[in-house]
Amino acid sequence: AIAWTPAVLAADTANGAKLFEVHCAGCHANGGNIVRRNKTLKLRALEKNQVNTLNAIATLVANGKGVMSAYKDRLTPTEIEAVSAYVLQQAQQGWR
């Protein structure tokens with residue numbers, strides 16, 4: 001399992017936003033999900049699916065789940081931290 005430190009909370013969310021646009025927005029535009037409607041990146045769905053912490057999001061990004069691909073072979077640990085921090089920040093802000 002990947003262990004993330006609290007320092008990742010200060011991750012570069014601007015870089016995370018760029019990574020999200022390239023790797024994630026195809027399925028998760030504006031925090032939604034075009035494949036499975038109930039598996040969005042909205043805070044309520046993240047909480048319901050117990051993926052509402054930086055660690056949980058980063059682990060899911062790295063390892064994938066179900067139809068979602070794993071990104072540990074495509075993104076560096078730093079990039080995974082950045083995109084995960086961005087997703088959590090956007091979820092907490094309502095994907096504005």
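Search region 1-25 for residues being modelled with pLDDT under 95, part of a helix (DSSP H, G or I) and farther than 21 Å from Gly94 by Cβ, and hand back the single one that is most open to solvent (accessible area, probe 1.4 Å).
Let us first name the residues in region 1-25 that are modelled with pLDDT under 95, namely 1-18.
From the residues that got through so far, the ones that are part of a helix (DSSP H, G or I) too are 6-10, 13-18.
Now drop any that are not farther than 21 Å from Gly94 by Cβ, which leaves 6-8, 10, 15.
Values: Pro6: 108, Ala7: 73, Val8: 8, Ala10: 89, Asn15: 55 Å².
It comes out as Pro6.
Hey, can you tell me all the residues within region 35-47 that are of a type outside the set (S, T, N, Q), surrounded by fewer than 17 Cβ atoms within 10 Å (Cβ to Cβ) and at pLDDT below 95?
Val35, Arg36, Arg37
Among the residues of region 50-68, what is the count of those that are assigned to a loop (DSSP other than H, G, I, E, B) and open to solvent by 50 Å² or more (accessible area, probe 1.4 Å)?
Of the residues in region 50-68, the ones assigned to a loop (DSSP other than H, G, I, E, B) are 50-53, 64, 66-67.
From what's left, open to solvent by 50 Å² or more (accessible area, probe 1.4 Å): 50, 52-53, 66-67.
Result for region 50-68: 5.
What are the pairs, 6+ residues apart or on separate chains, where a residue within region 70-96 that is farther than 15 Å from Asn15 by Cα and open to solvent by less than 20 Å² (accessible area, probe 1.4 Å) has its Cβ under 8 Å from a residue that is of a type in the set (Gly, Ala, Ser) and not in a loop (DSSP other than H, G, I, E, B)?
Ala91/Gly31
The values are calculated or read from the model by the stated rules, or taken from the named source; none is laboratory data. Given the structure is predicted, the values throughout are model-derived calculations rather than measurements. Ideal geometry is used to build each Cβ from the backbone, glycine not excepted, and the neighbour counts take in all protein chains shown. Side chains are part of the model used for accessible areas, which takes the heavy atoms of the whole protein and leaves out ligands, DNA and RNA. Shrake-Rupley method; radii C 1.70, N 1.55, O 1.52, S 1.80 Å.
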